[in-house]
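Quick notes on the structure that follows.
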Amino acid sequence: MISADPIEISPAEFELAVKGILDAASESLVSYQSKHLDALSAADGDYIIDVTATFKALGAEFCVLVECKHHKRKVERQDVQVLHAKLLSLGAQKAMLFSTSAFQSGAIEFADAHGIALVQLASGASTWFTRSAGETSPPPAWANNSTYVGWWHHGNCRTVLSDERAEYIRQALGIPQLEP
């Protein structure tokens, strides 16, 4: 289960963990490239974006803007609104906001209305569930949990994004699934 307390991770480790989760989805993409702390220019100014991912799919070029919020407080609606404004200004196709903490209801509502993916970074152990009562035991080594996972908030659902399960990050990015 996702902890109510923000994950303990340095800002740089956080951004690079997010980049790793995104990079896992690149297997089927043409000309995929991700950048950490990417400098982008628009008509209204210059921006430093925590992580960008660019690729070709369906015969078009895509740019995904990813902001990483390393907060102890819940992410607010205004944080999502600022990212939406950057998306419009830079002409990107998708925006994602990763956070070490949870999201306020207004942030979730705004993100859902504007197609912005909200993801809470958590310990990989947060995907380990048992049926026992009381304190949950940590996952055993054979469970092969990722160090970090993202819990994607979309509507009333939560989906795990990790560098081990790329199909879910592809879904969050709107990328078609691979053919079997």
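The residue of the stretch 46-86 that is nearest to the chain's Cα centre (by Cα), among those that are at pLDDT below 95, surrounded by fewer than 16 Cβ atoms within 10 Å (Cβ to Cβ) and under 26 Å from residue 10 (Cβ atoms), is 71.
Here residue 21 meets each of (1) of a type in the set (A, V, I, L, M, F, W, C); (2) exposed (fewer than 13 other Cβ atoms within 10 Å of the Cβ); (3) part of a helix (DSSP H, G or I) with one exception, condition (2).
Pairing residues of the stretch 147-176 that are basic (Lys, Arg) with residues that are at pLDDT 70 or above and surrounded by 18 or more Cβ atoms within 10 Å (Cβ to Cβ), at Cβ distances under 6 Å and at least 6 apart in sequence or on separate chains, gives 158/151; 170/25.
Remark: residue 104 falls outside the filter, which requires a residue to be at pLDDT 95 or above and surrounded by fewer than 18 Cβ atoms within 10 Å (Cβ to Cβ).
Residue-by-condition table, conditions (1) touching a strand residue (DSSP E or B) at 6+ places or on another chain (Cβ under 6 Å); (2) of a type outside the set (Gly, Ala, Ser):
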site: 9; (1), (2): no, yes
site: 13; (1), (2): no, yes
site: 26; (1), (2): yes, no
site: 46; (1), (2): no, yes
site: 49; (1), (2): yes, yes
site: 53; (1), (2): yes, no
site: 57; (1), (2): no, no
site: 61; (1), (2): no, yes
site: 64; (1), (2): yes, yes
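Filtering the stretch 79-119 to residues that are in contact with a Gly (Cβ under 9 Å, 6 or more places away or on another chain) and hydroxyl-bearing (Ser, Thr, Tyr) leaves only 89. State which residue is surrounded by the most Cβ atoms within 10 Å (Cβ to Cβ) when the search covers only the stretch 144-168 and only residues that are at pLDDT below 70, out of contact with any Ser or Thr (no Cβ under 7 Å at 6 or more places or on another chain) and charged (D, E, K, R). Among those residues, the one meeting the criterion is 165. Comparison of 89, 99, 123 shows that the only residue that is modelled with pLDDT of 95 or more and either surrounded by fewer than 21 Cβ atoms within 10 Å (Cβ to Cβ) or under 18 Å from residue 13 (Cβ atoms) (or both) is 89.
Checked against the criterion of being buried (at least 18 other Cβ atoms within 10 Å of the Cβ) and under 19 Å from residue 80 (Cα atoms), the stretch 26-37 contains not a single residue that satisfies it.
The values are calculated or read from the model by the stated rules, or taken from the named source; none is laboratory data. Here the structure is a predicted model, which is why all the values come from computation and not from measurement. We place every Cβ from the backbone using ideal geometry, glycine too, and count neighbours over all the protein chains shown.
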